[in-house]
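Inspection log for the structure reproduced underneath, given as structure tokens.
The values are calculated or read from the model by the stated rules, or taken from the named source; none is laboratory data. Keep in mind it's a predicted model, so treat the numbers as computed, not measured. We place every Cβ from the backbone using ideal geometry, glycine too, and count neighbours over all the protein chains shown.
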Amino acid sequence: MKPDTPTNPLLTDASARSIRYLDGLGTRSVAPTASAIAGLKAFDERLPEKPSDPAATLRMLDEVGSPATTAMAGPRFFGFVIGGSLPVTLAANWLAGAWDQNTGLHRPTPGTSFLEQIALRWLLDLLHLPADCTGAFVTGATVANLCALAAARHGVLRKMGWDVEGKGLFGAPQITVIVGQEVHPSVTKSLGILGMGRNRIVKIPVDGQGRMRADCLPPVSGPTIICVQAGNVNTGSFDPIDAIFQRVRTKGAWLHVDGAFGLWAAAAPSRRNLTAGIADADSWATDAHKWLNVPYDCGLAFVRDPEALKAAMAISAEYLPTQSEFRNPSDFTPELSRRARGVEVWAALRSLGREGIAEMIERNCAQARRFAEKLSGAGFEILNQVVLNQVLVSFGDAEKTVRTIQAVQDEGTCWCGVTVWQGKTAMRISVCSWATTDADVDRSIAAIVKVAGGVRGAHQN
């Protein structure tokens with residue numbers, strides 16, 4: 001596209017196509033059809049030698065690409081803990097994309113940097129975390145855990161007089177890392193990247209819901225990081241965070257909470273009891289693209305000690321205008337070049353408010369219970385206590401359960417995933433979208449029951 005090429009017709013067309021796509025999510029198959037997937041071969045062209053009409057490129061992207069997507073933004077996708085995008089957050093995302101601000105430093109990008117700072121303050125208030133914490137907008141919970149654990153590494157080694165950013169880990173005091181047996185892989189991945197090792201961690205046994213057993217904690221001494229879980233990825237259960245913290249608080253350990261989706265329970269009055277003790281931690285990780293329902297990608301790291309996160313992340317160079325009386329976002333993230341993720345978070349918080357966010361979370365939790373009650377009533381086994389938004393369903397043995405899940409996905413009314421938890425194969429239902437109604441839940445239950453009955457009948461024959 002030449003610089004003087006009009007952009008309005010193309011952007012207007014993109015907007016119209018996007019709106020048509022979203023308007024169709026409620027009636028289309030959640031999974032793409034086999035013919036739509038086969039149609040992707042149309043993209044497999046030789047690299048063009050000459051420019052072509054941008055409108056034709058957009059048309060091809062929509063006509064070939066849109067049908068081959070999974071309707072993750074729709075009301076009946078329950079396969080992962082994925083929220084849709086609230087209309088206001090998608091609109092804010094589009095506008096921020098037009099602004100095209102590299103939100104790393106305050107001086108060149110004051111508008112988006114300031115919005116990010118306000119959004120962080122509101123988030124700390126909403127999630128009942130200490131008001132003097134700092135935070136970082138990153139890609140997702142994996143990088144949020146990475147940032148928080150980098151700050152933790154700095155913090156526990158600083159107490160030992162070791163400068164880990166300057167000297168590295170060669171010759172450093174050894175750090176003990178304690179996690180639960182069902183720790184999320186994003187935590188162990190982060191530990192590996194940070195040089196603390198995936199295989200050196202101490203794993204604590206869990207109970208029948210995947211919660212770390214506080215009574216099994218070993219004696220704590222020396223540089224220690226303890227990672228607890230707020231929202232088990234299968235069951236939605238919470239580690240007994242308060243009990244764990246009470247046992248180790250006086251030992252000087254760094255306490256980190258992996259709360260990718262569970263941390264949002266703090267914003268819902270009926271679920272807040274699950275988060276007891278969380279505010280006493282030293283760091284937290286969560287996702288806004290889960291229960292806040294903003295577009296991908298948007299994760300959040302919070303750290304009680306701002307200097308620990310800044311020491312782990314900040315860089316400078318002669319050409320960078322880093323001097324500012326305001327916060328430079330890139331001082332707290334791995335990236336220097338980064339999009340303005342805080343804009344859509346600010347938009348969600350401002351438009352929903354405290355009550356709107358609470359209502360959304362409460363509604364999804366009630367819908368998860370609705371799934372469990374009705375599927376149990378239909379004769380299927382619910383494997384977990386439904387304390388939040390996660391439901392595990394067994395349709396018999398592993399082979400029958402897998403066949404049922406595949407058939408449900410193929411049928412298209414809804415999309416639920418497969419998992420293996422504590423030795424049992426199950427369908428995992430995650431309810432996390434602002435767009436999901438009780439009617440969507442009932443329609444999905446009816447489809448699941450019908451499909452499961454067909455699989456059972458075929459199995460018996």
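Answer with yes or no whether Leu58 is free of Cβ contacts under 8 Å to residues at least 40 places away in the same chain and outside the structural domain of Arg339 (by TED's automatic domain parsing).
When the stated conditions are applied, Leu58 does not pass them.
Ile82 is checked against (1) hydrophobic (A, V, I, L, M, F, W, C); (2) surrounded by 15 or more Cβ atoms within 10 Å (Cβ to Cβ); (3) in a helix (DSSP H, G or I) and fails just one. What number does that condition carry?
(3)
In the list Arg28, Arg46, which residue meets the criterion of being charged (D, E, K, R), part of a loop (DSSP other than H, G, I, E, B) and either touching a residue at least 12 places away in the same chain (Cβ under 8 Å) or within 30 Å of Gln390 (Cα to Cα) (or both)?
Only one candidate passes the filter, namely Arg28.
For the range 335-345, state whether one or more residues are without any contact (Cβ under 8 Å) to a residue 24 or more places away in the chain and part of a helix (DSSP H, G or I).
no
Among (1) part of a helix (DSSP H, G or I); (2) in contact with a helix residue (DSSP H, G or I) (Cβ under 9 Å, 6 or more places away or on another chain), where does Val391 come up short?
The number of the failed condition is (1).
Suppose the filter is more than 17 Å from Asp287 (Cα to Cα), assigned by TED's automatic domain parsing to the domain that holds Ser283, of a type outside the set (Asp, Glu) and out of contact with any Pro (no Cβ under 8 Å at 6 or more places or on another chain); does Gly171 pass it?
yes
Please go through (1) in contact with a His (Cβ under 8 Å, 6 or more places away or on another chain); (2) under 27 Å from Ala446 (Cβ atoms) for Pro75 and return the number of the only condition it doesn't satisfy.
(1)
Within the range 168-213, can you find the residues that are in contact with a helix residue (DSSP H, G or I) (Cβ under 9 Å, 6 or more places away or on another chain), assigned to a helix (DSSP H, G or I) and surrounded by fewer than 19 Cβ atoms within 10 Å (Cβ to Cβ)?
Hits for the range 168-213 are Pro185, Lys189, Ile193.
Which count do you get for residues in the range 420-461 that are β-branched (Val, Ile, Thr), buried (at least 16 other Cβ atoms within 10 Å of the Cβ) and outside any helix (DSSP H, G or I)?
Total meeting the criteria: 4.
Which of the numbered conditions does Trp122 fail, given that it passes all the others? Conditions: (1) assigned to a loop (DSSP other than H, G, I, E, B); (2) in contact with a helix residue (DSSP H, G or I) (Cβ under 6 Å, 6 or more places away or on another chain); (3) closer than 28 Å to Ala279 by Cα; (4) not β-branched (Val, Ile, Thr).
Failing condition for Trp122: (1).
Please go through the range 26-44 and give me each residue that is touching a helix residue (DSSP H, G or I) at 6+ places or on another chain (Cβ under 6 Å) and either surrounded by fewer than 16 Cβ atoms within 10 Å (Cβ to Cβ) or of a type in the set (Gly, Ala, Ser) (or both), ordered by number.
The answer is Ala31, Ala36, Ile37, Gly39, Leu40, Ala42.
So the check is Cβ under 9 Å with 6+ separation or different chains; which pairs have a first residue in the range 271-292 that's within 20 Å of Phe80 (Cβ to Cβ) and a second one that's acidic (Asp, Glu) and surrounded by 21 or more Cβ atoms within 10 Å (Cβ to Cβ)?
So the pair list comes out as Ala285/Asp258; Thr286/Asp258; Ala288/Glu344; Leu292/Glu344.
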